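The values are calculated or read from the model by the stated rules, or taken from the named source; none is laboratory data. Every value quoted in this text rests on a predicted model; they were computed, and no experiment measured them. Using ideal geometry, Cβ is built from the backbone for each residue, glycine included, and neighbour counts are taken over all protein chains shown. For the accessible areas, the whole protein counts, side chains as well, though only heavy atoms, and no ligand, DNA or RNA atoms are used. Shrake-Rupley method; radii C 1.70, N 1.55, O 1.52, S 1.80 Å.
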Amino acid sequence: MAEYLIAKKYLGQKGTSTVKNSQGLSQFLLVGTWGSGANILSVYALDGSLLATVKKVPWSFGSRYDLFEQYEKVGTLKKAFPFPVDFFYIPSLGWTVSGDVKGHHYTIRHFKKVIMSMSTATFPTGEYFVLTIPQEKNAPLAICVASVLDNWLYNTQKEKCSNFKPGYTTN
């Protein structure tokens, strides 16, 4: 069982960040941009080889993200219900994401088999997301799914904040 750490401020953000193991050694590079136009994030091995990629599907109803293992499309992540329940799924992989996505405590499963568990932890060096992944071969795709959910959460919170307009009254 492998544990990976990603600095809380870098998971769903644009730029480059490292994914470290529980001993603090770098394992993967997370490279990408989110925003208008280029919505793509890739996971690379430290030797530079591409392991997984996630791309936002343009012009899709709702938020949909295509997942690629190396260069082959393996699935599409989408929200399962149109109401505010934290449940996502990837039909072609048989993966479901359930739990408290807003609180960063959720699990990715393939039926009853756990693919990844997400939690948070605070260390002297800062706050981190802790990804517990029983099978290391699932790590690159699971990291992509976690980054999409964090980015989705960040954008939903940003939209709520930008819609807030205080009313000023003069008396």
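Some observations on this one:
- Within segment 99-132, tally of residues that are within 21 Å of ASP66 (Cβ to Cβ) and either charged (D, E, K, R) or more than 12 Å from the chain's Cα centre (by Cα) (or both): 3
- Residues that are at pLDDT below 90 and more than 18 Å from PHE87 (Cα to Cα) within segment 57-69 comprise VAL57, PRO58, TRP59, SER60, listed in sequence order.
- Of all positions in segment 110-129, at least one carries a residue that is under 24 Å from GLY15 (Cβ atoms), open to solvent by less than 10 Å² (accessible area, probe 1.4 Å) and touching a residue at least 40 places away in the same chain (Cβ under 8 Å).
- The set of residues from segment 8-56 being modelled with pLDDT of 85 or more and among the basic types (Lys, Arg) comprises LYS20, LYS55, LYS56.
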